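Here's the structure, in structure tokens; my notes come after.
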Amino acid sequence: MPNDEIQLCCLLWARDGEEAGLTAYEDKVLALVPEHGGAVVSRARSTGADGQAHEVQLFRFRDQAALDGFLQDPRRLALTDERDRVIARTELFAVEFLG
């Protein structure tokens with residue numbers, strides 16, 4: 001049986017002065033991940049100095065359907081205005097965990 005697990009890295013940049021808002025928003029949406037067959041493997045914060053991302057997250061989801069369920073969760077989508085207010089940029093890409 002093939003392994004359908006999806007492993008992702010997400011980089012987030014806050015809008016100016018919205019670092020705490022970014023964290024608060026992410027606290028809310030990341031709480032939904034386990035309900036969709038996913039796990040937050042790691043979450044780290046930086047100062048955002050020199051254009052670095054303010055937050056780095058590593059996820060795993062059981063499969064594409066689990067990830068899609070999270071992305072389309074109505075509670076997550078209801079926070080779109082908040083997200084747009086506090087997050088300037090997001091990069092999400094597949095990774096392979098090494099350890």
Over the chain, what relative contact order in percent results from Cα pairs under 8 Å that are six or more residues apart? 47 percent
Can you give me the distance in nm between label points at residue 56 and residue 75, each placed 7 Å from the Cα along the Cα-to-Cβ direction? 2.9 nm
Please check which bits of the range 74-96 a label hung off residue 28 would reach, taking the label as a point 7 Å along Cα-to-C-beta and the cut-off as backbone N under 12 Å. 75-87
Mind sorting out which of (i) 1.09; (ii) 1.05; (iii) 0.98 is the real Cα Rg over 2.2 N^0.38 Å computed from the coordinates? (i)
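Here, each number is a calculation from the coordinates, and none is a lab measurement. Because the structure is predicted, anything quoted here is derived from the model rather than measured. Positions of Cβ are backbone-derived with ideal geometry, glycine not excepted, and every protein chain shown enters the neighbour counts.
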